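The values are calculated or read from the model by the stated rules, or taken from the named source; none is laboratory data. Model, not experiment: these values are computed from the prediction. Please note: Cβ atoms are built from the backbone with ideal geometry, for glycine as well, and neighbour counts cover all protein chains shown. These accessible areas exclude ligands, DNA and RNA; they are computed on the full protein's heavy atoms, side chains included. Shrake-Rupley method; radii C 1.70, N 1.55, O 1.52, S 1.80 Å.
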Amino acid sequence: MNRAGIYHRPESEMAYLYTKDVMHIRLKTAQDDITQVLLLHGDPYSLHSRPDLPKFYKHPTPMKKIHSDGVYDYWQAAITEPKKRLAYAFELTDQNGSQLIYADKGFIQPTDQKMLDDANTYFRMPYFQDIDAFHAPKWVEKTVWYQIFPERFANGDPTNDPMGTKPWDPQTHPGRQDFYGGDLQGVIDHLDDLKKLGVNGLYFNPLFKAPSNHKYDTQDYYQIDPHFGDAKLFKKLVEQAHQRGMRVMLDAVFNHIGDQSPMWQDVLKNGQNSKYADWFHVNQFPATYTPTANFEFAKDATYDTFDYTPHMPKINTANPAVQNYLLDIAKYWVREFDIDAWRLDVANEIDHHFWRRFHNEMLALKDDFYILGEIWHSAQPWLNGDEFTGVMNYDYTGAIINHFIKHELSSQGMVDRLSHQLMLYRDQTNAMMFNVLDSHDTARIMTLANEDDQLVRQTLAFTFLQPGSPSIYYGTEYGMTGGNDPDCRKPMNWYPDAKAIAMHDFVRDLIKWRKEHWQLIAQGTIELTALNDNQGVVIKRRRNNQQLVAVFNTSSEPLQVTLAPFFAQGFSNGILLPKGFAVAALSE
């Protein structure tokens, strides 16, 4: 038995309340080492206070192996305890039939009666504290997001266009400082189009006053950028979105601020005597940098910035005055405009203390508020129920892209990566993840796929079956192309040809069946299996007596499939062609 491969951590993603009465317990073991895991569990006080009861360790619960990631096997059991306090340990059997018990005290022999009768031997959940559990807003499970980069979505009011606005051309390749006149009126004008597409969540890149086209260099957090409209128009947009059953999420840029903001201008003017000097991380006064040919780069700034961008000085969120300022902004847009969610830019570079305050104050306003962090790596510290609801799931969708689109990862490699990611978080947390294949920060999926629309459709269908809330980047439904920033920010294609319309109709149908099966996808279990010889992957989604089975052929050869699909591509008479998929609903 490989003892070094056996691991459990109490009160984490490995032991958590799934509902107020049900705990999920997980164990990690070296892959293919353990053949059986039994969970010994019960009320810890019963061992000495209730001699009339059978010893709980004599009535174990079998654990199920739910995932493997190429290094570890993961086991899980869902259990309850009437007294809402739990002691537990794991009885393991390896390939040779050897047995050990793994508990908080380490490894013990199954025959060690003294240790088994001692409540302190066991891992513990001292009490089922529902207030400490991860609480997920249920509406997110049903949501298909649509990301809008406001400056490039639609120009509904030419009277507020910036000076030098360029003609609207979806085929253009934007420069970093180009303007095309997109605004809030343009979004309002197309709300019915988005309703017909089927999306029910709108995520906006920053809307607040800023000199750039992307608005991540905020000048005034309390003001809608005049080139987009005003507060009255934004309120109208939110109301009309809500009337259509759409939630609204705004982008909060609290890691840094724009260099045109009054606070930073005061620091530049007054140096260390500025009342805002401690609002930033100035390492040497005066705050200076040497300009370069790249407007967004300076290597010698005497103050901390986002990346190496001298126009985005980093904010000191450990300062109580800064905390109060930013929290007032966050509450203002919820209280006055009824937004439903914040997406938090560069969230991992801000202290946990601030985010815990943010979490509490947002949920005090709306108990089902959605808090989404931009984190590109493993995010366990932020996802324990007291900071974020979910994160932008780039690690997860990156594995999908690397297999389906880039062919850099085998089907087994992708399954291993996805399994590993799923086991980093609680089940209800996985259902809150924001799944993106492309965004304002990445090349468009159609460009990555070399404009192969069949490959894009296959990848989208696979993503829509995953735990989490899928997001469509504006124009992806029409197959828009674009390389990395700024090319991924072309003006929206409002002049689709037949090929673009066909892609739109596919995405509409995909959203429709995802919404029809949202409960199974959000609340059911997922089983991922790589087909032999890297031919593809099978997904099984189960909940109660419902089951979805999907097969994706990612090989170069036809694949024989025994399914009667309700949604498919490249499937006929039991043969699934390369780049094809087949999704079927089965009763168990």
Checklist entry - Hey, what number do you get for the chain at 222 nm if only DSSP H runs of n ≥ 4 count, each worth -39500 (n - 2.57), divided across all residues, to the nearest 500? => result -7000 deg cm²/dmol
Next on the checklist: If the reach is capped at under 23 angstrom between alpha carbons, list the lysines near residue 20, excluding any in the same chain fewer than eight residues apart.
Outcome noted: 64, 83, 84, 138, 142, 366
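Taking 8 Å as the Cα distance limit and 6 or more residues as the minimum spacing, I'd like the relative contact order of the chain as a percentage.
Rounded, it is 11 percent for the chain.
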Checklist entry - Given the alpha-carbon gyration tensor of the stretch 378-422, what are the semi-axes of its equivalent ellipsoid in whole angstrom, ordered largest first, with each equal to the square root of 5 times an eigenvalue? => result 25, 10, 6
Checklist entry - Once the Cα atoms of helix 498-516 and of the chain are each reduced to a long axis, what angle between those two axes, in degrees from 0 to 90 to the nearest 10, is obtained? => result 40 degrees
Item to check | Integer Hz, Karplus 6.51/-1.76/1.60 couplings in order for the stretch 521-528, x for Gly and Pro | outcome: 6, 7, 10, x, 8, 10, 10, 10
Next on the checklist: Restricting to bridges with both residues inside the chain, how much of the DSSP beta-bridge set is antiparallel, in percent to the nearest 5?
Outcome noted: 75 percent
Item to check | Estimated dipole of the stretch 137-288 in Debye, rounded to 20 [Cβ of Lys and Arg +1, of Asp and Glu -1, Cα centre] | outcome: 440 debye
Item to check | Dipole of the chain, positive end: most advanced residue of 128, 365, 346 [Cβ charges, Cα centre] | outcome: 128
Checklist entry - Taking the Cα atoms only, what angle lies between the long axis of helix 453-464 and the longest principal axis of the chain, rounded to 10 degrees? => result 60 degrees
Checklist entry - What's the Cα-based Rg to Rh of the stretch 333-404, Rh via Kirkwood? => result 1.03
Checklist entry - With charges set only on the Cβ (+1 for Lys and Arg, -1 for Asp and Glu), what does the dipole of the stretch 309-387 come to about its Cα centre, in debye to the nearest 20? => result 200 debye
Next on the checklist: Sort 55-61, 357-363, 557-563 by packing, meaning the average of other beta carbons within 10 Å per residue, with the highest value first.
Outcome noted: 357-363, 55-61, 557-563
Item to check | the stretch 86-209: Cα Rg divided by the 2.2 N^0.38 Å rule of thumb | outcome: 2.15
Checklist entry - With charges only on Cβ, +1 for K and R and -1 for D and E, what is the dipole size of the chain about its Cα centre, in debye, rounded to 20? => result 1320 debye
Item to check | Convex hull projection area averaged over all views, the stretch 426-529, Cα basis, nm² | outcome: 7.1 nm²
Checklist outcome for this item: The percentage of the accessible area of the stretch 1-136 (probe 1.4 Å, all protein chains present) made up of carbon and sulfur atoms, to the nearest whole number, is 48 percent
Checklist entry - Roughly how many Å is it from the Cα centre of the stretch 167-209 to that of the stretch 443-519, as a whole number? => result 16 Å
Next on the checklist: Amide H of residue 257 versus every other amide H placed in the peptide plane: which residues, excluding those fewer than 5 positions away on the same chain, fall under 5 Å?
Outcome noted: 315
Checklist outcome for this item: Among 17, 411, 180, the residue whose Cα sits farthest towards the positive end of the charge dipole of the chain (+1 at Cβ of Lys and Arg, -1 at Cβ of Asp and Glu, taken about the Cα centre) is 17
Checklist outcome for this item: Honestly the chain on the Cα gyration tensor test (a ≥ b ≥ c root eigenvalues; a/c under 1.5 rounded, otherwise a/b vs b/c for prolate or oblate) is just oblate
Item to check | Cβ-derived FRET efficiency at R0 41 Å, residue 378 paired with residue 59, nearest 0.05 | outcome: 0.65
Next on the checklist: What do you get for the angle between helix 411-422 and the principal long axis of the chain? Use alpha-carbon atoms, 0 to 90 degrees, nearest ten.
Outcome noted: 90 degrees
Checklist outcome for this item: Calc'd 3J(HN,Hα), the stretch 395-406, phi into Karplus 6.51 cos²θ - 1.76 cosθ + 1.60 (θ = phi - 60°), Hz, glycine/Pro = x, comes to 4, 5, 6, x, 5, 5, 5, 5, 8, 5, 9, 8
Checklist outcome for this item: In order over the stretch 59-75: 3J(HN,Hα) from phi, Karplus 6.51/-1.76/1.60, θ = phi - 60°, whole Hz, x for each Gly or Pro, gives 10, x, 10, x, 9, 9, 6, 9, 8, 9, 10, x, 10, 10, 9, 10, 10
Item to check | Burial order of peptide ranges 86-93, 266-273 (average beta-carbon count within 10 Å, highest first) | outcome: 86-93, 266-273
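Using Cα-Cα distances under 8 Å and only pairs 6 or more residues apart, what relative contact order does the stretch 1-138 have, in percent?
Numbers: 265 pairs, mean separation 36.7, N = 138.
Averaging sequence separation for qualifying contacts and normalising by length gives 27 percent for the stretch 1-138.
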Item to check | Value of relative contact order over the stretch 253-411, rounded to a whole percent, pairs C-alpha under 8 Å and six or more apart | outcome: 17 percent
Checklist entry - Count of lysine pairs in the stretch 193-272 with Cα atoms under 23 Å apart, counting only pairs 8 or more residues apart in sequence or on different chains? => result 12
Checklist entry - Once amide H atoms are placed 1.01 Å from N in the peptide plane, what residues at a sequence separation of 5 or more from residue 73, or on another chain, have their amide H within under 5 Å of its amide H? => result 29, 30, 31, 32
Checklist entry - Quick one: Kirkwood hydrodynamic radius for the stretch 274-412, alpha-carbon pairs, angstrom, one decimal? => result 17.5 Å
Item to check | Label-to-label distance, nm, for residues given as residue 111 and residue 563 (7 Å Cα→Cβ offset) | outcome: 5.1 nm
Checklist entry - On full extension of the chain, what length is gained from residue 272 through residue 485, given 0.36 nm per residue of separation minus the C-alpha to C-alpha distance? => result 73.1 nm
Checklist outcome for this item: With the 1.4 Å probe rolled over protein heavy atoms, the chain has an accessible area per residue in Å² of 41 Å²
